[in-house]
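Comments concern the structure below.
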Amino acid sequence: MESFRFCHQLRVRYSEIDGQKIVFNANYMTYYDTAIDEYFKNVLGHYWDEPIDGVELVLVRSEVDYKSPARLHDLLNVYCRIISFGKSSLEAEFHLTRADDEQILSVARHVYVMYNLESGKSSLIPAGVMAKLREFEGI
């Protein structure tokens, strides 16, 4: 996981497992969403609960590969990084591992678009946001 500069840790709760006693697949999306929010708090200094320059980030595409199940009380590492930028979009990659052995449980890629709340359309990534993200990721 050396290529990732950010990791968020969480523990699987009882409400997140299904009848097979493994994490229900939809909960992985919550894990990724939590990780990207913490990533932005770490890199930009705030969460995405308030728009920046009138825009906010919205998820437009998600691809997840499930490798091995997470189970109740597992301590998980959710690694997160931005791997590419467009003018109004960015792509994030996630690796979710069990903390004790770093076994990869799932891998995901998400595409996010900057969305202008007033116009209801996509918007350019604010220059300051782009600069901080590029500096953090070294790209």
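Where a number appears in this text, it was derived from the coordinates with a stated rule and is not lab data. Just so it is clear, the structure is predicted and the values come from calculations on it, not from any experiment. Because the Cβ atoms are built from the backbone with ideal geometry, glycine has one as well, and the counts that use them run over all protein chains shown.
For segment 12-112, the list of GluC sites (Glu not before Pro) that fall in a loop by DSSP and count at most 16 other C-beta atoms within 10 angstrom reads Glu102. Which listed residue (Ala127, Ser68, Trp48) has the Cα farthest towards the positive end of the charge dipole for segment 34-139, taking +1 on Lys and Arg C-beta and -1 on Asp and Glu C-beta about the Cα centre? Checking the options against the dipole of segment 34-139, the answer is Ala127. Applying the Karplus relation 6.51 cos²θ - 1.76 cosθ + 1.60 with θ = phi - 60° to segment 54-68 yields 3J(HN,Hα) values of x, 10, 9, 8, 10, 7, 10, 7, 9, 9, 10, 10, 9, 9, 7 Hz, where x marks Gly and Pro. Labels on offer are (1) 25, 16, 13; (2) 21, 21, 14; (3) 28, 16, 12, and the one holding semi-axes √(5λ) of the Cα gyration tensor in Å computed from this structure is (3). The trypsin sites (Lys or Arg not before Pro) of segment 73-139 that DSSP puts in a loop, and whose beta carbon has at most 16 other beta carbons within 10 Å, are Lys87. Among the trypsin sites (Lys or Arg not before Pro) in segment 1-45, those located in a DSSP loop and surrounded by at most 16 other Cβ atoms within 10 Å of their own Cβ are Arg5, Arg13, Lys21.
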